[in-house]
Amino acid sequence: MTEKLEMYRCEICGNLVQVILSGAGELVCCGQPMKQVVANNIEEVSLEKHVPVFRKKDNNGLEIQVGTQLHPMDDDHYIMFIETISEDRKHLYLEYLHPGQEAKIELQRQIGKEKALAFCNLHGLWEGEND
Ligand SMILES: [Fe+2]
């Protein structure tokens, strides 16, 4: 049984999927069950470089940056995407990022209280909330 908006990863090929609508079945890839990806809180990995932080912009928009100290965006270590999910889970926004860019995105408008997910190619999924 899957839950809406959960993420699952194949440990063999690296496929990463997100559930749009939940179902009773188990997700399988490369012949084995996919593993659910949950947000990290690993002490050994620097939280200040991974937890998404929200900042209000003058134009009523919202900036989400990864880490209070901006996460690196090197070829071998970078944030692959940032996703925001509204509190009522009716709205999501996902933006892919690439090495050389800054580890941040801008939303034109805010849709209620949101949470943000950031995915680091080395350190996995991280979650931050807008207060
Ligand atoms: Fe990282």
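The values are calculated or read from the model by the stated rules, or taken from the named source; none is laboratory data. It should be emphasised that the depicted structure is a prediction, and the values quoted were computed from it without experimental measurement. Every residue, glycine as well, gets a Cβ built from its backbone with ideal geometry; the counts of neighbours run over all protein chains shown.
Quick notes on this one:
- Residue within the stretch 103-119 that is touching a Leu at 6+ places or on another chain (Cβ under 9 Å), modelled with pLDDT under 95 and among the hydrophobic types (A, V, I, L, M, F, W, C) present: yes
- Odd one out for residue 38, checked against (1) surrounded by 13 or more Cβ atoms within 10 Å (Cβ to Cβ); (2) under 17 Å from residue 127 (Cα atoms): (1)
- Some residue of the stretch 93-113 being of a type in the set (A, V, I, L, M, F, W, C), under 17 Å from residue 17 (Cα atoms) and either in the same structural domain as residue 13 (by TED's automatic domain parsing) or touching an Asp or Glu at 6+ places or on another chain (Cβ under 9 Å) (or both): yes
- Extreme residue, farthest from the ligand (Cβ to nearest atom), among residues of the stretch 110-131 that are in a strand (DSSP E or B) and among the charged types (D, E, K, R): 114
- Sole residue being among the small types (Gly, Ala, Ser) and modelled with pLDDT under 95, chosen from 100, 31, 23, 61: 61
- Listed by first and then second residue, the pairs with beta-carbon distance under 6 Å, at least 6 apart or on different chains, first residue in the stretch 55-73 and not assigned by TED's automatic domain parsing to the domain that holds residue 107, second assigned to a strand (DSSP E or B), form an empty list.
- Residues of the stretch 74-118 that are without any contact (Cβ under 8 Å) to a residue 24 or more places away in the chain, among the aromatic types (Phe, Trp, Tyr) and surrounded by 13 or more Cβ atoms within 10 Å (Cβ to Cβ): 93 alone.
- Any hit, the stretch 39-57, residues being modelled with pLDDT under 95, out of contact with any Phe, Trp or Tyr (no Cβ under 6 Å at 6 or more places or on another chain) and hydroxyl-bearing (Ser, Thr, Tyr): yes
- Selection over the stretch 29-54 of residues that are in contact with a Ser or Thr (Cβ under 7 Å, 6 or more places away or on another chain) and either assigned to a strand (DSSP E or B) or among the hydroxyl-bearing types (Ser, Thr, Tyr) (or both) gives a count of 1.
- Restricting attention to the stretch 55-73 and to residues that are part of a strand (DSSP E or B) and surrounded by 12 or more Cβ atoms within 10 Å (Cβ to Cβ), the residue that is farthest from the ligand (Cβ to nearest atom) turns out to be 62.
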